[in-house]
Structure formats: structure tokens, C-alpha cells
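This report refers to the structure that appears directly beneath it.
The values are calculated or read from the model by the stated rules, or taken from the named source; none is laboratory data. Here the structure is a predicted model, which is why all the values come from computation and not from measurement. Using ideal geometry, Cβ is built from the backbone for each residue, glycine included, and neighbour counts are taken over all protein chains shown. To get the accessible areas, we keep the full protein, side chains included, count just its heavy atoms, and leave off ligands, DNA and RNA. Shrake-Rupley method; radii C 1.70, N 1.55, O 1.52, S 1.80 Å.
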There are 4 protein chains.
Amino acid sequence: MRLEAGCELVFEATAPTPLILMLRPRSGSGQWVLREEYTLEPTTPVVEYTDSYGNLCQRLVTPQGHFRVYTTACVETADTIDVEPAAPYVPVQDLPENVLQFLLPSRYCEADRLGELASEIVGDRAPGYEQVEAIRHWIHTNVTYQYGTSDASTSAAETAAKKIGVCRDFAHLGIALCRSFSIPARMVVGYLYQLDPMDLHAWFEAYIGDRWFTFDATQTEPRGNRIAIAYGRDATDVALATQYGPLTLKTMRVWVNVKA
Amino acid sequence: MRLEAGCELVFEATAPTPLILMLRPRSGSGQWVLREEYTLEPTTPVVEYTDSYGNLCQRLVTPQGHFRVYTTACVETADTIDVEPAAPYVPVQDLPENVLQFLLPSRYCEADRLGELASEIVGDRAPGYEQVEAIRHWIHTNVTYQYGTSDASTSAAETAAKKIGVCRDFAHLGIALCRSFSIPARMVVGYLYQLDPMDLHAWFEAYIGDRWFTFDATQTEPRGNRIAIAYGRDATDVALATQYGPLTLKTMRVWVNVKA
Amino acid sequence: MRLEAGCELVFEATAPTPLILMLRPRSGSGQWVLREEYTLEPTTPVVEYTDSYGNLCQRLVTPQGHFRVYTTACVETADTIDVEPAAPYVPVQDLPENVLQFLLPSRYCEADRLGELASEIVGDRAPGYEQVEAIRHWIHTNVTYQYGTSDASTSAAETAAKKIGVCRDFAHLGIALCRSFSIPARMVVGYLYQLDPMDLHAWFEAYIGDRWFTFDATQTEPRGNRIAIAYGRDATDVALATQYGPLTLKTMRVWVNVKA
Amino acid sequence: MRLEAGCELVFEATAPTPLILMLRPRSGSGQWVLREEYTLEPTTPVVEYTDSYGNLCQRLVTPQGHFRVYTTACVETADTIDVEPAAPYVPVQDLPENVLQFLLPSRYCEADRLGELASEIVGDRAPGYEQVEAIRHWIHTNVTYQYGTSDASTSAAETAAKKIGVCRDFAHLGIALCRSFSIPARMVVGYLYQLDPMDLHAWFEAYIGDRWFTFDATQTEPRGNRIAIAYGRDATDVALATQYGPLTLKTMRVWVNVKA
């Protein structure tokens, strides 16, 4: 499907503030950026660089006062995500080198603390895709989706305990549970068509068989029409805006529409 | 200045052909991509990756028959390029690690063969910017710009001998002469506003003082309003289209316009 | 000083187990590896790769049974570490790109939770080196060093609460407190001459002025004669041995001696 | 086989000279460094870094006068190299991204000029291993090995014309011919047991099937017991010593012995 997706962020800064944005989707396998726009008001010098995960990062210092970021992209996406119950677990010794880092615990994904829960959930499923799907399904069934119940410091272990959170928490828990089984898992942030209410979204991918598969514990059915913006170990790596100073997000608007 | 720049390439393939394109300018210091479009007709799966120089590369297999690539971008550029006669030569031991590779000879820049010519040109100029400017000026004055006098295999040593060529040859010669003096130099391809006749363009950068400076031996005056698309050791690294099979470029159109 | 440092690890595996070792110090600024030995018994195929931090990693599958890793190196080290109270805080916008990742929270360093404590500790010290030294000194003074009081899942926030731990916990707390002030900080594991009792050691570095400085909250005085083995965000990245299966470390021996 | 291999280089510098050495073999698939020594006399500060090919580079400024580099390593090597006539050609679209650069022409490997010769040599061999072996065999049979017939500026096209050269020229020609057929090929420098006369050696690898295979046009039979030190596009990337100033190599000694 061809989607037009974007967001508008309006900040207020009491002083010039360093800001790192990650708002430029890249063309990759499964998505092709046909057109994009990215504007800053007022116009501000920006340096764009690629981080160690391959994400495009926009680095700048906001001026004092009002600062508006507007970005929109027309992207060709896949209508469905791949579902391959037979995709097998990959023994650690056979993983590509750059996938190994996604086995490690990270700020919000304390894989080292969730092994017991993971075992209970997974039971005797076949190693690989079916384990990850069991994890995804368990989260979807057992964790309540509710805004305002978690914050920027909430981690997977806390979500496992409280069983409540938002998409970011669902993803962190999925990632942590996968890693506790030595299945590489990474965080994705991006857009999802017909997400309700519309917002930026987060989900996770697990490395099974010979590649990354998409999983989204917030959804009942496997759904395509996703636009990935950034990949990382967890939310610390893929924050759409990381600020270093007194910057307040005043308004945020997100849209994902079908493009004729 | 805000420029709208782009190109349209139309290919004809007698069989499906692997093709690597490098046609997506990145926002960097000195340029900011406000909007871009990139379309392929017919629609074709593409994987985009970053090469070892940080360029965005689009990898695909063209279908048989007609294949059209259309890309255009609205870019905020600098009206001028920096001219700093006092910028000093950087001793090799003080160069950043990732700059060192631009000291080495490469396919089209046989720095190892041009030391004598470089010495003659540079004379007793102060080491650094003034040497590079002397090189640039010498090429501009002594090499005739003429289409059809060189081809895809012409190297700097040949251009030094024949004293004729196009922008690519001018850049190769500048790069080779700089490197023969242990000044790091790299190739840039991109757009130049008011280039006449309009075409994709090539120039070079030299690392002096603490950063890269722009030099263009095809021009009389230092001119800004450039949009860099790709950087590399020489033309092999920055080919806008590298094909691996029977693909014929039928037509090519390039534009750079002021955007109100 | 010229040091001979190494370690011997003896494992017992009930089944072949994937293992990633990080036990090969690299020559860098401040240390030069004159000689090293690295043996595995029984001999086992190994692939060595460089991770995203530049550490050399040795990847293998241990055979079932007894497995011995022996590594020793003769290294020229600096007798002292640099102490520069005047080194200033670097505003985020001026940090090198590859340093930015060390501002983010990580598994064991919840910088996002320790801002208040950091403010109390630092008071009105001049931004930069003096802040980090205040943090280091506060940890040294207020946290009790005691084996067996923490484990592989203990994080900086927990150490801040319990005020007890080992070198790894001291380092994590120092890192988290620095990052809460937007000072990049990273974990180092390696050897320290005359550490008592002798063991592998962990400390941290903070990026101030224009480079990384060494800090060690376990020590009273600034001490040199360190051999760095690996760098990372925190202990997850620099584990000397990461295993993926039923491997038991039976004995471990570490030595650091002066080499005539 | 377990080999002890190393070299001693003695330089004389009329002034302090920046020097980049590439003399530290890494453990990789097929070789494991059990022990190594690396000494500089007089002792000189060195920074070691990894270049874009993964080679360890030692960067320093030699003092004025006498400068001695001594390096030796005990390495477990494979006794044989893999010979797989059935390994197929990999279509460009299926090559790993980091292999693509080895399709491009480079300073000493003008693949763009040698397509005709390659076609003649290869005839109707099956695409892949057999083509590369035909190239290797043709070079071995048709190019005369003779010291002093080529120099640091000799390229593959020249070697194809003169049909004389040393190991480096043989490798360059093999690489250029492979690339003209869109087979990725790279240069390797290192040690070869029982090379006669003993010296540092160069050979090439071609990417076929799903990995790199070793080819050596200087040898009659496929021979193992090689220690790779560095990989690159051609000799510019893998020079064991690259100097930037008045440094003279006075003596050089190389050894490769069986280690009991």
C-alpha cells in the first residue's frame, strides 16, 4: 500500500537546546520512500549522521522560543507481514556478527531477569518462530494497554510485574523475553496504518530462520502497512527526539493516510 | 539558496540487470534536504544501504525493457564555499583515522606517478590551502574542458599528459596532485547551480586545517550552491549508476533551479 | 611500566556451548601490546571479530567437558592517569558523533533515574572534570566495597540505594551519574597493577575537554598501570565471557606483574 | 600446521617520519594467533586502529635515525585451501553489501580495461570457481615470475601486457580479471610456508558460492599454511608499511617455520 505518513512536533525552548531527532525513514527491504519532506521552523543548521544501527539522525541546537519540526513521507509498504511458524531458532554460533548485540540485556529489557517467565510462557513450543509468537500472544492477552500507566523509565521487568503499559512497554517486554531465550530481538519505532488512536508506534522484531520477523503485541492480527523509522536495542536507541536541555513538547500530531 | 535539483535517467535493458544507484543526497553540514522524491518506473524492489563512505546506495535489479529513474530534491545550500588561504597542511600523524584512506592512490588518481608535476605546480607555496589552490588554478588554466575527449577509463596521469578532459578528469587530476603531497583529497559528485551546460557535476575536496574544503578546477571563481550526492576516493566509488549487465542509458536530464 | 598480565579461566560444559570471549587487549593510545599469548584447550575453532565499540571478540563453541582459556600479555602502560581539573564540560552539540551513544541510559546505568542524586553530589562544581571527580569521590567515600553483595543483575540505581557493591557497581554508578549530567561516560574492563585482591577490574571513563579521562571510584588515589581490555556502555557490552548454555566457570586466576 | 612467522624491518630516517604499519595478523576463520610479539626500537608511541577492511593498523612517527620493527607470531593454520570446482557465480544482486566494493576497479586493478582478455581466458567455463581457476592457471602459465621487473606503480593492465612480474602483480592481474566478470576479488598479503625465496607474499581471494576462496597464481598446486595479515582492494590498501617522508628500508628479514 502507498502511505503518506508524518508528524509535526512543536517545541518551546527557554534556552537554545541540543536536540537529536530520528525522524527520517529509510528505504529498506519492505519499504521504499518515494517522497519525503523535512522542515524546521525557524530554519536551523543541522548535521545528519548515521548511528551504529544505521539510523539517520538529525542533530541540531534549537533556537530559544518556538521550534517546529514537520516531516512527512510517501512510502510504499508491504500490506502484510511475514508469518512463518516453521522458521527455526538460530543457534548463537550461527548468528551474523552484527545480530549478536541484540542478545544482550539493555536499559529497558532486563533479559537477565525474565528467564523464568519466558519459560512459563513458551512451554514446549518449537524453538524459533513459535516461541516468539507465544510470547507475543501472551503479552497481547495478559498486559493491558492503557495510556498514562507507564513513563520514560518503565522497563520490561516492571511491565511484567504490573501487566499494564503502552506500545513501547509491550515491545520491551517482548524483546526481553526473546533475549532470555537467546533469540535476538530489537525495537522498531515507526508508523502503523489505522493505528487507533493514531500516534507514533513501537513494535519489535526477532531474528529467526535467516532474518528479522515483525511482531506486534498490541495487535490482535498480524498487520502490515508499517513504516519503520528507527531500529535499536530498546527505546533509548530509537527515541524520535532526544533533548539535552529545557525543551518542552507543546503539541504533536501524527498522520498515516492511504495515498492514491 | 534554496535549490530544486534532480535528474531523470531512462534505461533500456535487454535482460534484468543488477544496478546500484547513488542518487539520494544526504543532509550534511552545508546542505539540508527539505524535500525529495525518488521514483522508479516500473516499481521495482530496492534495498538501500550505506557504503563505507556514508553514501546512500540503492540496489535493485531492473526489469527487462524500459526503466526510468526520477529523483528530485529541494535543498538548502550555502551560497559560497569557504576560502581560507591560511588553512595549514595537516601532518599525517595528526589526521583523523578515517581521513587517512584519502591519501592513497586509487584507480583514477595515480598519486604515486604525479609527484614531480605537483612539485612544479606548487613551487614554494605555503603548505596547505595555498598549495591546493595552486593545483586547482593550474588545472583550470592548463587543462582544456571538452566533452568527448576522455572516457570511463581515463585517469589523472593521462589527463596530466593530454591536458584535456571533463569535470571528472579535472577532479581526478586535482585529487592525485594533492595526494602526491600527502594532502588528503576526495571526489564529490553532485549538482552545481548554473553549471553550463547543465549536467551532473564532479569536483574535489581537500583536507586542510581541521576539515574538508571544496575545490573545483572547472570554475574560474569559487562558487557555492552545490549539492553533494556522494563522496569517495575517485569516480569508481561515486558512480551515480553502476550496472552489471546489458543496460543502456537512453536519455538523461538534469536540472538545478532556484526555489522561491 | 611494562606489565605482564593475564588470566586463566577453566570451564566445565555439560554440552557444547556457544561462548564469546573478550580477552585480547588492543594497542591504543596509552598502551602497547608487546607480546601476547592466547590458548584454548582443547584447541577449538574460533572466529575473531570487532564489535561496534572496536573490541576484539573471540567467538567459539566450547566442546563438552573441560575447557581452558589462557591469555597473557606483556604491555607497556602509562604509570599515571591524566588529572586535569580544568578540563571543561563539552556541550552536546560539540561532541563527536561516536561519543553520543555514551550519553544514553543502559541496562545497568539508569541515568534517567539518578539526576537528583547527581545534583546533590556535584553541587556547584565547575562543569566538566571537577563534576566527574566529585562523583567519583562521593562513590569512593559513600559506597562500601564488598564482594558478594551484588550480582550480575545489580544496576546503578540499586547501588545508589544500597551503597554497597564491587568495582563493576562502582563503575556503573559513576557512569549513570555522569550521564544524568549529559557527560558521556563508558565502562572499561581490564587489569590494574597491584589491585588487591588481584582480579579482573572495572572502572569508567568520562569524555571531558576533548577526550576520554580515566576515573576509578574504588581507588583512593589516581593510579596508572592499567591495561584496558574492552570498552562499552556498561557491563553487558564488556563481559569477558558471554555464554549461551550450560557452562560453569570452575576456576579463574588473574595476574599482573612487573616485567623487567 | 602450527607456524612461527614474522619479519624484521630496519629503517633509517633522516627526519621523524609518519609511518603506518600493517603487521599484526588477526585470528579469523582459518587461522588462530596463539602468540605474537611486536616490538619497536627505540620504543615509540603507537596508536592502533582498525581500517575499513578490518585490518589492524599501527600508526606512529619514527624517530630520526635507526628504527627497527620486529614482529613474530605463532599461528595455527589450515594445511590446505579449499578447492570447490562446483562453487557457483553469485549474481550481483545476491552479494552481501560489504562485498560489493570488491567489484570496483582500483589503482592497480583496472578491471574496466581487461574484459576482453578475461573472456579469452575463461572461454566457456562454468560461471564461478572454474572461471577463477582458469584465470589463476592462465596467469601461472603465461606470466613469468621475476624480481625487479615491476615496481610500486605497476598495474594489472601493464602486467597483462608485459607478462612478467612478482607475486603482487600476479595477484593484481587475477583480481582485475575476476572483477571484469563481476566476480568480487580482493588482495591478501601475508606469509606462506616454504615460499622460496622466503619473503612476504601476496595472493588473492574471490567470492564464489557463499564465501571467499583463496587463489595463488604464483603456485603450481593449491597450497595451505598461509597466514593472512591484511585484506584490501589492492596493494594500496594492504601495504605493510606506508611512509610519509624520508624513510629508507635498510634491511628486511622474513621467516616462516614449523612450530613443534
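Observations on the structure shown:
- Condition check for D:ALA260: touching a strand residue (DSSP E or B) at 6+ places or on another chain (Cβ under 9 Å), open to solvent by 20 Å² or more (accessible area, probe 1.4 Å), within 13 Å of another protein chain (Cβ to nearest Cβ) and not in a strand (DSSP E or B): no
- Residues within segment B:7-27 that are in a loop (DSSP other than H, G, I, E, B) and small (Gly, Ala, Ser), tallied: 2
- Every residue from segment D:170-196 that is out of contact with any strand residue (DSSP E or B) (no Cβ under 9 Å at 6 or more places or on another chain) and without any contact (Cβ under 8 Å) to a residue 60 or more places away in the chain: D:ASP196
- Residues located in segment D:75-84, provided they are more than 14 Å from every other protein chain (Cβ to nearest Cβ) and not acidic (Asp, Glu): D:THR80, D:ILE81, D:VAL83
- Condition check for D:MET187: within 14 Å of chain B (Cβ to nearest Cβ), farther than 30 Å from B:PRO45 by Cα and not aromatic (Phe, Trp, Tyr): yes
- Set side by side, the residues A:THR62, A:THR72 differ, and just one is surrounded by 15 or more Cβ atoms within 10 Å (Cβ to Cβ) and either within 14 Å of chain C (Cβ to nearest Cβ) or without any contact (Cβ under 8 Å) to a residue 12 or more places away in the chain (or both), which is A:THR62.
- On the stretch given as segment D:37-50, residues that are of a type in the set (D, E, K, R) and open to solvent by less than 30 Å² (accessible area, probe 1.4 Å) total 1.
- Wholly within segment D:30-75, strands (runs of 3 or more DSSP E) carrying at least 1 residues that are more than 18 Å from B:LEU95 (Cβ to Cβ), of a type in the set (Asp, Glu) and in contact with a Gly (Cβ under 8 Å, 6 or more places away or on another chain): D:31-41
- When residues of segment B:10-32 are limited to those that are more than 8 Å from every other protein chain (Cβ to nearest Cβ) and surrounded by fewer than 20 Cβ atoms within 10 Å (Cβ to Cβ), the one nearest to B:VAL75 (Cα to Cα): B:GLY30
- Test: residue in segment A:233-256 that is outside the structural domain of A:SER155 (by TED's automatic domain parsing) and more than 28 Å from A:GLU12 (Cα to Cα): yes
- Qualifying residue in segment A:147-164 (condition: among the aliphatic types (A, V, I, L, M) and closer than 24 Å to C:SER182 by Cα): yes
- Residue check for D:GLY65: of a type in the set (Gly, Ala, Ser) and under 21 Å from D:ARG253 (Cβ atoms): yes
- Flag: D:THR214 does not match the condition of being under 23 Å from D:PRO127 (Cα atoms), more than 14 Å from every other protein chain (Cβ to nearest Cβ) and out of contact with any Pro (no Cβ under 9 Å at 6 or more places or on another chain).
- Just one residue in the set A:ALA152, A:ALA118 is touching a Leu at 6+ places or on another chain (Cβ under 6 Å) and closer than 21 Å to C:ARG107 by Cα; that residue is A:ALA118.
- When each of A:ARG136, A:ARG113 is tested for being farther than 20 Å from C:LEU104 by Cα, modelled with pLDDT of 95 or more and either basic (Lys, Arg) or over 21 Å from the mean Cα position of the chain (by Cα) (or both), the lone residue that passes is A:ARG136.
- Of all residues in segment B:33-58 being at the interface with chain A (Cβ under 7 Å from one of its Cβ atoms) and charged (D, E, K, R), the one that is farthest from B:THR236 (Cα to Cα): B:ARG35
- When the residues of segment D:224-247 are filtered to those that are at pLDDT below 95 and open to solvent by 60 Å² or more (accessible area, probe 1.4 Å), the one that is nearest to D:HIS137 (Cα to Cα) is D:GLN243.
- Within segment C:87-127, the set of residues being outside any helix (DSSP H, G or I), touching a Phe, Trp or Tyr at 6+ places or on another chain (Cβ under 9 Å) and among the hydroxyl-bearing types (Ser, Thr, Tyr) comprises just one member, C:TYR89.
- Qualifying residue in segment D:85-104 (condition: touching a helix residue (DSSP H, G or I) at 6+ places or on another chain (Cβ under 6 Å), within 8 Å of chain B (Cβ to nearest Cβ) and over 21 Å from D:ASP210 (Cα atoms)): no
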